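Trainee: Here it is, the structure in full.
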Amino acid sequence: MRRFGLMVLASLVLAALAPPQSLAQSAVPPSAATPTPDNAVLLTIFLKHDQSRPLRELNAQLERQGFYKAFPPAGIEVVSWYVMMGVGQVVTLRLPASRLREVNRVLEDTAWGSYRTEFYPTYDYKAVGETAHQKAQDQAPDKAQGKP
């Protein structure tokens, strides 16, 4: 019996030392990080409306959950935000990779129920693609002019 009591006591001590699961999942570390060329990602988010419910209900739920107050988090750049008819909204953000979890948690806490979410993290390839295109154009034989 004494052994059982020690096991219970040890379990209680370990439980007291471990952070609660809800706190561990919801704590958002403060971050002053800003996106730079070496740490920035683009995040395209599909916010798909629950089409089984009227828009006024969806908007009321978003308001109750604090969606527009919390999203996007402070310091996160909104690159674009469109309504896609028949789907919902499509938002593209630019953020430091270290803040990806923060954006995810805000959406889990405030958007779920009104929206189903899909995430597509990407990175800016425009300059690399344009440079490769220009290099290929400069090296290609001029076939448009009929020259070999």
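Trainee: Tell me, please, whether a residue that is free of Cβ contacts under 8 Å to residues at least 60 places away in the same chain, closer than 21 Å to Ala40 by Cα, surrounded by 10 or more Cβ atoms within 10 Å (Cβ to Cβ) and of a type in the set (Phe, Trp, Tyr) can be found in region 56-78.
Mentor: Yes - at least one qualifying residue is present in region 56-78.
Trainee: Follow-up question, since we're still on this one. Within region 108-129, can you find the residues that are without any contact (Cβ under 8 Å) to a residue 60 or more places away in the chain and closer than 20 Å to Leu55 by Cβ?
Mentor: The initial filter retains those residues of region 108-129 that are without any contact (Cβ under 8 Å) to a residue 60 or more places away in the chain, namely 108, 110, 112, 125-129.
Within region 108-129, Thr110, Trp112 qualify.
Trainee: Out of all the residues in region 116-133, is one or more assigned to a helix (DSSP H, G or I), loosely packed, with under 10 Cβ neighbours inside 10 Å and either in contact with a Leu (Cβ under 6 Å, 6 or more places away or on another chain) or small (Gly, Ala, Ser) (or both)? Please lay out each step first, then the result.
Mentor: Filtering region 116-133 down to residues assigned to a helix (DSSP H, G or I) leaves 126-133.
Add one more test, that the residue is loosely packed, with under 10 Cβ neighbours inside 10 Å, and what stays is 126-127.
Within this subset, residues satisfying the condition of being either in contact with a Leu (Cβ under 6 Å, 6 or more places away or on another chain) or small (Gly, Ala, Ser) (or both) are 127.
Looking for residues that are assigned to a helix (DSSP H, G or I), loosely packed, with under 10 Cβ neighbours inside 10 Å and either in contact with a Leu (Cβ under 6 Å, 6 or more places away or on another chain) or small (Gly, Ala, Ser) (or both), one finds at least one in region 116-133, hence yes.
Trainee: Please work out which one of (1) within 16 Å of the chain's Cα centre (by Cα); (2) modelled with pLDDT of 95 or more is the condition Gly75 fails and give its number.
Mentor: (2)
The values are calculated or read from the model by the stated rules, or taken from the named source; none is laboratory data. All of these numbers come straight from a predicted model, not from anything done at the bench. Cβ atoms come from the backbone with ideal geometry, glycine included; neighbour counts cover every protein chain shown.
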